Structure formats: structure tokens, C-alpha cells
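Here is the structure we will look at, set down as C-alpha cells.
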Amino acid sequence: MKYKVIALAVSGALLAACGSDNDNYVDAPTGSSTSLQAFDGAVRFLDAYMNCGNGFDFIGETGGNGTINIGEGNYPLFDEDPSQCTFEFGENLHPSGGGSTTPPIDESNSKELPTIKYVVPGSLIQADKPIVGSPYTTLISQAIDEDDSGLTVAQIIDQVFAASLPSGTTLTDEQKALLLSDPQAALDTMDETTSTNVLASTMILSDALVGAEAQGGKSVAELSNVTQTLATSLAANDNFPTNSSGEPTFVDYSEDLEDPTNFQSIVDNDPDPEADLPPSSAVPDGEDPLQDGEKIEDDLPPTDIPPVEEELPPPTGGTGGTAG
């Protein structure tokens, strides 16, 4: 497990602890830590970086439940005001850290995600709330950057979900907010059809973002179009998100969507729940693109970066000791 701890004295206001009603959430020490999670389902073994105005620092690699618990005092600017910081998740994105050879993996279905990149802008971060990097925080971040009409963040969030989810999917404002801070808790509040639609769109959007990145970028409108079209077919499949045996299933279109022709062909199509899923290069020719997965149910703990007043683990390559 990788980690980086910067032990610094802190002055000014410190961030209060984050809580959650989600049964899958791993509580950090009371009053001392903030939960940072990568979620597609929960993604373990994914590098996380933070930029509070001085460049991106490597924080660590996500552990169980896709989570890193960040203790108070390690990042004073974050403690002072988390909304001034931006987070990125992805393998070896910046020279400040990373380097693991273990591929990130979705705990809900064992899908490997070696090339994903998720972004969390400061405008989606609130004190006293968990922080989540996901396909949707990434698309909303891009939509905020693209907007030149003066929309509020709430209006942009509404537009993104409306354009990318299968037609007829209705989310409450509370569910939208939870999807951007505690996704599993949000899914737990939904009926089966709604949660299936959200899971399908999240999975497809993750692959679409990979494909867009390989092509040098695509617009929010194009990414939303591709997501809604493929997710409509995926959500209508009787074997998603679980098959007849109750095992999780997934698709992988990341490589296919790196091809500009394939990407554009989906943009040109209209969403149709009766339309079959297109072939996937992730499976042999002629095989069903919907793959059987496996839920990871081991007891890997989250990555913990202790508060500075506690005994700290040694930095990578170090010899141990304490700080604070």
C-alpha cells in the first residue's frame, strides 16, 4: 500500500469529521479524518492526488471500499477550506507519486480499470461531507469548465444527469447530491429500475471518459450522448447488474470508445432500450459483451493517513518514527 504523509503543524480552522449512513462506509477516527473515495463501484488500488493551489501532491492509493481517510493536519490548506482544492484519481498522473503495478479494480464486479481518470472540482466539495471521485464528478467538472452561460453548479448537475441517464430516470435533489458524495448511500435509496439505470450510466460513462481521453477530449454533450445511448441498452438487459445466478455483470467498452469512428457511430445513434449492446473488443469475437464478474468481499481496510498528533507510519523508503 502506498501513502504519503506530510506532517505539518496546523493553525486556523480544522475540518470536522465526515459521517455517513452507508453501511459500506468505514468510519474514520472521530473528529479527525475526512473520507476520500473512488467510486464506479468502489475502486481500490487507485492513486489519488490533491491540488490546493500549489500543484498536485500524491496522497496515496485507495484501499478497501475505494477509500483513503485523510487525517487532520497533513494538508493545512485542505483543513482550512476543502473547496479550494481539486482532486484527481488515476494511475501515475503526476510525478509526485504513484508507480504501483497493481491495477485498480471495481470491488462490485472485479472489472479492472487501469486507465480511468476521475476529477473532483472544489465546487463539489463541502466541509463535513465525504469526497468522492467518480465518472459523474468528472463529467460535471468538465461541464463547469465548458459553461459560458452563467449556470449555477446545481443547474449544471441537473443538466448532466438529465442528458446522460436513460430516458425517464428521475432523481431527487438529495439523491443527486448523495451520488456526488456518498454514491452507495444514494443507490440504496433508489428503486430497482432507477438504481439499475444509474449503475449502467456510471459504468458506461467511465469507459466513455477513457475513450475521450485517448482521443484528446470530447465535449460534455458527446460524452452524455454516448453514455445515455449505451446505458439505455445495458440497463434494459435482464442480466444487468446481476445475472440469473445473482452474480454481478459488467461491460468494458473503454478500448472500443478510443476509436473515433466507433465513438462517433454511437453519438449518431438514438437511445433505444430494444437495441442490442454492440460488440466489445474486451471479449472474443461473437461473445456476449456482458461479462460475468465477481464481487470482492475480503476485509481490506481503507488507506489511513493518521492525524498528525497520532503516531505516523514511515514515508515510503523511510525508517519509521513519529510526527506531530
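Every number in this text was worked out from the coordinates using simple rules, so none of it is lab data. Here the structure is a predicted model, which is why all the values come from computation and not from measurement. Virtual Cβ from ideal backbone geometry, glycine too; neighbours counted across all protein chains shown.
Please figure out what share of the DSSP beta bridges in region 29-149 is antiparallel and state it in percent, rounded to the nearest 5. Spell out each step's value before the answer.
Values: 22 of 25 bridges.
Of those bridges, close to 90 percent are antiparallel.
Length gain on complete extension for the stretch Asp173 to Thr152, per 0.36 nm per residue less the alpha carbon to alpha carbon distance? Provide the component values of the computation, followed by the final result.
On the way: separation 21, 0.36 × 21 = 7.56 nm, distance 1.42 nm.
In short, 6.1 nm is gained.
For the cross-link pairs Lys176/Lys295; Lys111/Lys218; Lys111/Lys295, the ones whose C-alpha atoms lie over 18 Å apart are Lys176/Lys295; Lys111/Lys218. Here Cα Rg over 2.2 N^0.38 Å was calculated from the structure, and among [x] 1.19; [y] 0.94; [z] 0.98 it sits at label [z].
Spatially, region 181-212 and region 117-147 are offset by 15 Å when compared through their Cα centroids.
If packing is taken as the average count of other Cβ atoms within 10 Å, what order do 232-241, 283-292, 145-154, 100-109 fall into, highest mean first? Walk me through the numbers before you get to the answer.
Values: 232-241: 20.2, 283-292: 13.3, 145-154: 10.6, 100-109: 18.7.
Top of the packing list down: 232-241, 100-109, 283-292, 145-154.
Axis of helix 220-235 versus longest Cα principal axis of the chain: the two differ by about 70°, to the nearest ten degrees.
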